[in-house]
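Asks: The following block contains the structure, expressed as structure tokens.
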Amino acid sequence: MLLDRFLANRREVRLTDEERRLLENAVSKVRTFGPRETVVEAGHKVTVSTYLTEGIMSRYIDDRRGLRQLVAIHLAGEFVDLHAYPMRELDHSVGTLSQATVAIVPHEALREILDPRPELARKLWFSTLIDASLHRTWLFRVGRLDGVGRVAHFLSEMNVRLRAVGLSDGREFTLALTQTDVAEVCGLTTVHTNRVLRQLREANLCSIRSSRVQIHDPVGLARRGDFQPDYLYLDDQCFDGETR
């Protein structure tokens, strides 16, 4: 199923088979985008929401000079812009970082299945509240941590989020981002990010080679990034106490 990863391993919410089938049937089409393509422009009217099945996407804001500030990262198994359903227009753009495949869900189809099913609507609301929790932690990461801490926190988070949908074994995963992408996520320069990754490697905490991330010491990496996974609302099995 296209949506078999959606809300996977969330300790507060479980979709029933019927609810998952309803969402699956609401998909109108599947599209694949190349890296760094804009999917939704800020300020444009939006009549669909996108569910990411493969790849990495971001939400971002451009300044007047066209320089981009990332404000969110989305991984496979997540709705990227479900909040567009009630808002109808976004104050930010949505685009791909890697090649990405998305399922398109028209808002009219969402309305038809959600209006008579308040429990399913509550579960989708929960999904958007997870986005809000991620935003708050994003602010903490770039506002309170030093460069090494920011990258350590980000990689710890990616490991747990990917593990929740079966894309990390807790120690190793593929992250199709460049050092420039990681720098944008963490609010650093590319030169500073290169230095930080070297420090993490020399401390035997983690290493990245050809988009493959190896976490040598999950506890040490989480401690260096002041990472606590509670804001993700995942089952404990997604981190097995490694970051506690």
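Asks: On the given criteria, is residue 161 closer than 21 Å to residue 8 by Cβ, part of a helix (DSSP H, G or I) and not aliphatic (A, V, I, L, M)? I'd like the intermediate steps shown before the answer.
Replies: Values: closer than 21 Å to residue 8 by Cβ: yes; part of a helix (DSSP H, G or I): yes; not aliphatic (A, V, I, L, M): yes.
Taking the combined requirement at face value, the residue satisfies it.
Asks: Touching a strand residue (DSSP E or B) at 6+ places or on another chain (Cβ under 7 Å), among the polar types (S, T, N, Q) and assigned to a loop (DSSP other than H, G, I, E, B): does that describe residue 98?
Replies: Values: touching a strand residue (DSSP E or B) at 6+ places or on another chain (Cβ under 7 Å): yes; among the polar types (S, T, N, Q): yes; assigned to a loop (DSSP other than H, G, I, E, B): yes.
Spelling it out, residue 98 is indeed touching a strand residue (DSSP E or B) at 6+ places or on another chain (Cβ under 7 Å), among the polar types (S, T, N, Q) and assigned to a loop (DSSP other than H, G, I, E, B).
Asks: Moving on to the next point. Select from the range 104-158 the residues that are farther than 14 Å from residue 85 by Cα, touching a residue at least 12 places away in the same chain (Cβ under 8 Å) and not in a helix (DSSP H, G or I) and list them in ascending order.
Replies: Answer for the range 104-158, where residues must be farther than 14 Å from residue 85 by Cα, touching a residue at least 12 places away in the same chain (Cβ under 8 Å) and not in a helix (DSSP H, G or I): 117, 145.
Asks: Determine whether residue 98 is under 25 Å from residue 11 (Cβ atoms), surrounded by fewer than 21 Cβ atoms within 10 Å (Cβ to Cβ) and under 13 Å from the mean Cα position of the chain (by Cα). Even if it seems obvious, please write down each step before you answer.
Replies: On the way: under 25 Å from residue 11 (Cβ atoms): no; surrounded by fewer than 21 Cβ atoms within 10 Å (Cβ to Cβ): yes; under 13 Å from the mean Cα position of the chain (by Cα): yes.
Taking the combined requirement at face value, the residue does not satisfy it.
Asks: Could I ask something else about it? Which residue out of 179, 199, 214 is more than 21 Å from residue 164 (Cα to Cα), surrounded by fewer than 22 Cβ atoms within 10 Å (Cβ to Cβ) and at pLDDT 95 or above? Spell out how you get there, then give the answer.
Replies: Working: 179 fails: at pLDDT 95 or above; 214 fails: more than 21 Å from residue 164 (Cα to Cα).
Within the list 179, 199, 214, the selection yields 199.
Asks: May I ask you to say which residue of 64, 59, 31 is exposed (fewer than 14 other Cβ atoms within 10 Å of the Cβ), assigned by TED's automatic domain parsing to the domain that holds residue 109 and in a strand (DSSP E or B)? Give the steps one after another, and end with the answer.
Replies: Working: 64 fails: in a strand (DSSP E or B); 59 fails: exposed (fewer than 14 other Cβ atoms within 10 Å of the Cβ).
Within the list 64, 59, 31, the selection yields 31.
The values are calculated or read from the model by the stated rules, or taken from the named source; none is laboratory data. Just so it is clear, the structure is predicted and the values come from calculations on it, not from any experiment. Counting neighbours? That spans all protein chains shown, and the Cβs are built from the backbone with ideal geometry, glycine included.
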